[in-house]
Amino acid sequence: MTTHEKKTFFATYDWAKSWKDLPWAHDEPTLFLSEICRLRKPGRALDIGCGAGTDSVYLASQGWDVTSLDFMPKALAYTAQRAAEKGVKIRPVEADITEWVPDRQYDLVLDHGLLHNMDPVRYPAYRATVMKALASDGEFVLLHWHPRFPGQGNGKMGPTRVDREQIQAFFAPELQERFFAREEFEDLPDMVGGGMSQAYYWFRPNLAWQRPAELLEQVRSTLKSHGIAADGTAPPIAAELLARVVGPGRLGISHRNPAAAETRSILAQWCEKARVEAADAARLLNLFASDQGGKICVAGAPRCDNCAVRFCKRLRYR
């Protein structure tokens, strides 16, 4: 934690008479949390930089086992007080996220505005902790400020504005964006840089990256169900189609839509990390998408109803 960050936060908490005075206080839970609570059973949740405590208390009231983490004692006091008033329990942890070592993994990790208030020199440590804390099938929700127009400054007090592409790249390849939303604030004090776009992200672990052998086995299973021998061959598919297959909209081997010319290089890097033969992976994908093969993951209208590749984004979230 840098001296500048400490001074800013201590001054703000010393000034606040209650949690409602905090500039980052909010009455409603962060976007996407209620949907996550609807879709999955309560588990372990980590609220990074719990601040005013709204999200920690909300999740605890929904049955989650909540760890509320903040380096500010007063933030934890506000959160504990509000939890007691609601008759729920939270697990307070006073720590800096870049120095803290998780003793468990969490089904949900939330950051409502901590990263964008952090000194960039601490980004790698923050990222490493998030990756350690998040379960292999967990959910990660992030609120981060964006520029309202290219080149917009941050203001004396920050927070740092970062665009969507940079956020996606920061968490890639381990995490894959599921949902994105933004809210415009046209007029804010000059000390924080004026207006901004408040962006919300919902990430999930990128299974295609984490479990490549399983992905290829799902491709083989799909081919088998169509009577296609997995050891067969087919002519190489067009580079443009291969880019779509490995891109974020389908298999997600790449977190962005790659240029056709770089796709085979991306695939080769993925195979090297996964200790998979690049030639074998390319052959399977050719069979998977080629008109002379399975005709499954074709360009215009992929046959998702006849596909068993559960890691594909087109199927994973249906």
Can you give the calculated 222 nm mean residue ellipticity of the chain, where each DSSP H run of n ≥ 4 adds -39,500 (n - 2.57) and the sum is split over every residue, rounded to the nearest 500 deg cm²/dmol? -10500 deg cm²/dmol
Expressed as a whole-number percentage, the relative contact order of segment 3-205 with C-alpha contacts under 8 angstrom and at least six residues apart is 16
Multiply the residue gap between residue 279 and residue 99 by 0.36 nm, knock off their C-alpha separation, and tell me the result in nm, one decimal place. 60.6 nm
Candidates [x] 37, 25, 20; [y] 42, 21, 16; [z] 39, 29, 19; which is the computed semi-axes √(5λ) of the Cα gyration tensor in Å? [y]
What stretch of the chain, leaving out the sites themselves, is the longest with no GluC sites (Glu not before Pro) in a DSSP loop having at most 12 other Cβ atoms within 10 Å? 1-98
Give me the lysines in straight-line cross-link reach of residue 132: C-alpha distance below 22 Å, same-chain residues under 8 apart excluded. 41, 273
Excluding residues on the same chain fewer than 8 positions from residue 313, give the lysines whose Cα lies under 20 Å from its Cα. 295
Which of the aspartates and glutamates could a cross-linker span from residue 89 if the Cα-Cα distance has to be under 15 Å and same-chain partners fewer than 8 positions apart are dropped? 47, 55, 65
Using a/c under 1.5 as the rounded threshold, could you call segment 209-316 rounded, prolate or oblate? The axes a ≥ b ≥ c are square roots of the C-alpha gyration tensor eigenvalues, and prolate needs a/b larger than b/c, oblate otherwise. rounded
Just want the ordering: 36, 237, 253, from fewest to most Cβ atoms lying within 10 Å of their own Cβ. 36, 237, 253
For the chain, give the share of DSSP beta bridges that are antiparallel, in percent and rounded to the nearest 5; count only bridges with both residues there. 45
What dipole magnitude, in Debye to the nearest 20, does the chain give about its Cα centre under +1 on Lys/Arg Cβ and -1 on Asp/Glu Cβ? 860
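Every read-out reported here was derived from the displayed coordinates using simple, explicitly stated rules and does not represent laboratory data. None of these values were measured; they are calculated from a predicted model. Positions of Cβ are backbone-derived with ideal geometry, glycine not excepted, and every protein chain shown enters the neighbour counts.
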